[in-house]
Amino acid sequence: LTFTSGVGTFATAGATGVRIGEAVTTVVPRNEELDHATWVAVFTPTVTANAVAAPDGNTTADRVEDNDGTNVEGLEDDYTVADDSTVWTATVWVLCTSAHSVRLGLGLTGGTPVGPTYNTATCGTTWQRIAVSITNNTTGNVALNLFLYPTDATGSSTGIAEFWRPQV
C-alpha cells in the first residue's frame, strides 16, 4: 500500500493485509460490502451499495447517509473474539463530498464492557484511511463491536460518507 497526497494506491490487487509475527488475527478481512446482512442499522441510516469507485479503481464503495438531525445514524457489526488482553484495531477507507466529521468506533461486550472508543476524523474529498484501537480487559468480553458513522456524535449533524474495506 502506498500513499500519495492522502490517497491510497494498492501495489497488489490481491493484498489482504500485513502479517507481523504470528499473533495477528483478522476478524474482518478486507470486507468491501457494508450492505450485507450482518451489519445492523443504528437508527435508520440510508445505505447505498456500490455508490462510487473505490481507491483501488477496481471495486466500489458503499454510501452511508445520516439524514436525521436528532439521532446519530450509522452501522454496527459484531464479532466473536477471545476473552484475552488482545489489542484490536479497526480501519476503514472514507470519502465525503463535503468536509465534515465521521466516526469509526470499537467496543467490547459480554463481560465488563470496554468502550466504545471512537476516532472522529474530518472527512474530505479525497480517500483517507482512519483507524481506532481498543484493548480487551479480560473480564469476560467476547464480543467486539465495530461502528461506522457518517457524521460526528453530536446528534445534530447530518451527512454522507463513502466507506470501503473496513478491517479489524
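The values are calculated or read from the model by the stated rules, or taken from the named source; none is laboratory data. Since the structure is predicted, the reported quantities are computational estimates derived from the model, not experimental observations. Heads up, the Cβs are rebuilt from the backbone with ideal geometry, glycines too, and the neighbour counts pull from every protein chain shown. Each accessible area value is taken on the protein alone, full model and side chains, heavy atoms only, with ligands, DNA and RNA left out. Shrake-Rupley method; radii C 1.70, N 1.55, O 1.52, S 1.80 Å.
Scanning the stretch 55-69 for residues that are in a loop (DSSP other than H, G, I, E, B) and either of a type in the set (D, E) or under 15 Å from I134 (Cα atoms) (or both) yields D56, D68. When you scan the stretch 135-153, do you find a residue that is farther than 27 Å from A49 by Cβ and within 15 Å of the chain's Cα centre (by Cα), even just one? No, the conditions are met nowhere in the stretch 135-153.
Check off (1) open to solvent by 60 Å² or more (accessible area, probe 1.4 Å); (2) in a strand (DSSP E or B) for S85 and give me the number that stays unchecked. The one condition S85 does not meet is (2). Taking V72, is it in a strand (DSSP E or B) and either touching a strand residue (DSSP E or B) at 6+ places or on another chain (Cβ under 9 Å) or of a type outside the set (G, A, S) (or both)? Against the criterion (in a strand (DSSP E or B) and either touching a strand residue (DSSP E or B) at 6+ places or on another chain (Cβ under 9 Å) or of a type outside the set (G, A, S) (or both)), V72 does not qualify.
Taking the conditions (1) charged (D, E, K, R); (2) touching a Ser or Thr at 6+ places or on another chain (Cβ under 7 Å); (3) crowded, with 21+ Cβ neighbours inside 10 Å in turn, E65 satisfies each one other than (3).
One line per residue, one yes/no per condition, for (1) of a type in the set (G, A, S); (2) surrounded by fewer than 17 Cβ atoms within 10 Å (Cβ to Cβ); (3) in contact with a helix residue (DSSP H, G or I) (Cβ under 7 Å, 6 or more places away or on another chain); (4) within 19 Å of E65 (Cβ to Cβ):
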| residue | (1), (2), (3), (4) |
| --- | --- |
| L75 | no, no, no, yes |
| V94 | no, no, no, yes |
| R103 | no, no, no, yes |
| I134 | no, no, no, no |
| A143 | yes, yes, no, no |
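Every listed requirement among (1) on the phi > 0 side of the Ramachandran plot; (2) surrounded by fewer than 20 Cβ atoms within 10 Å (Cβ to Cβ); (3) not hydroxyl-bearing (S, T, Y) is met by R165 save one, (2). Just one residue in the set W127, W88 is in contact with a strand residue (DSSP E or B) (Cβ under 9 Å, 6 or more places away or on another chain), within 21 Å of A49 (Cβ to Cβ) and hydrophobic (A, V, I, L, M, F, W, C); that residue is W127. Determine, yes or no, whether N71 is open to solvent by 40 Å² or more (accessible area, probe 1.4 Å) and modelled with pLDDT under 90. Judged against the criteria, N71 is a match. When you look at A121, is it open to solvent by 40 Å² or more (accessible area, probe 1.4 Å), farther than 15 Å from T86 by Cβ and of a type in the set (G, A, S), yes or no? The answer is no for A121.
For W127, the criteria (1) open to solvent by 40 Å² or more (accessible area, probe 1.4 Å); (2) more than 12 Å from the chain's Cα centre (by Cα); (3) modelled with pLDDT of 90 or more hold in every case but one, which is (1).
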